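The values are calculated or read from the model by the stated rules, or taken from the named source; none is laboratory data. Keep in mind it's a predicted model, so treat the numbers as computed, not measured. Cβ sites come from the backbone with ideal geometry, for glycine too, and all protein chains shown count toward neighbours.
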Amino acid sequence: MPFRSHMDVALQEARAAAARGEVPVGAVLISPTGDIVAQAGNRTRELSDPTAHAEMLVIREACAAAGSERLPDHDLYVTLEPCAMCAAAIAAARIRRVYFGAADPKSGGVAHGACVFSHPQAHHTPEVYEGLSAAAAEQLLKDFFAGRR
């Protein structure tokens, strides 16, 4: 199957999150057949839940639908580098590939900070591809936080 980016859907979810007053991060989880199995934007404020990051929401939804805590051969697209919490959940779910847009030098857990996947304690290391639609994802974040200052 030829590569097809699903970052456009993740960006739509990030825009919707911003419109709800949430930090604009969106995620989409793709099945082995290339179908979208879950998509979400951040909902930490709406749900009063610090774990309601976009990545966590799509992993929870997809696992519930699959009836399994594992999502082998699934691919995750997310607009911002996952934090350490989300990276640990990605490893635990055995997600095959992670594609992310904007780097997060302050709170990232994949290419920055904790670098969860490079620790010997990581249960699984997905393939990681960074920089997909990075400029669009970065602009969403800049615009959101500029409006808050």
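Do we have residue 94 as surrounded by 15 or more Cβ atoms within 10 Å (Cβ to Cβ) and touching a helix residue (DSSP H, G or I) at 6+ places or on another chain (Cβ under 7 Å) here? Judged against the criteria, residue 94 is not a match.
For region 100-110, does any single residue satisfy the condition of being of a type in the set (Asp, Glu) and surrounded by 16 or more Cβ atoms within 10 Å (Cβ to Cβ)?
Yes, that holds for at least one residue.
Strands (runs of 3 or more DSSP E) fully within region 58-149 that include at least 2 residues being more than 19 Å from residue 43 (Cα to Cα) and free of Cβ contacts under 8 Å to residues at least 40 places away in the same chain: 97-102, 127-130.
Being over 16 Å from the mean Cα position of the chain (by Cα) and either modelled with pLDDT of 95 or more or within 18 Å of residue 5 (Cβ to Cβ) (or both) is the requirement here; does residue 67 meet it? Judged against the criteria, residue 67 is a match.
Does region 53-73 contain any residue that is of a type in the set (Val, Ile, Thr) and buried (at least 22 other Cβ atoms within 10 Å of the Cβ)?
Checked against the condition, which is being of a type in the set (Val, Ile, Thr) and buried (at least 22 other Cβ atoms within 10 Å of the Cβ), region 53-73 yields at least one hit.
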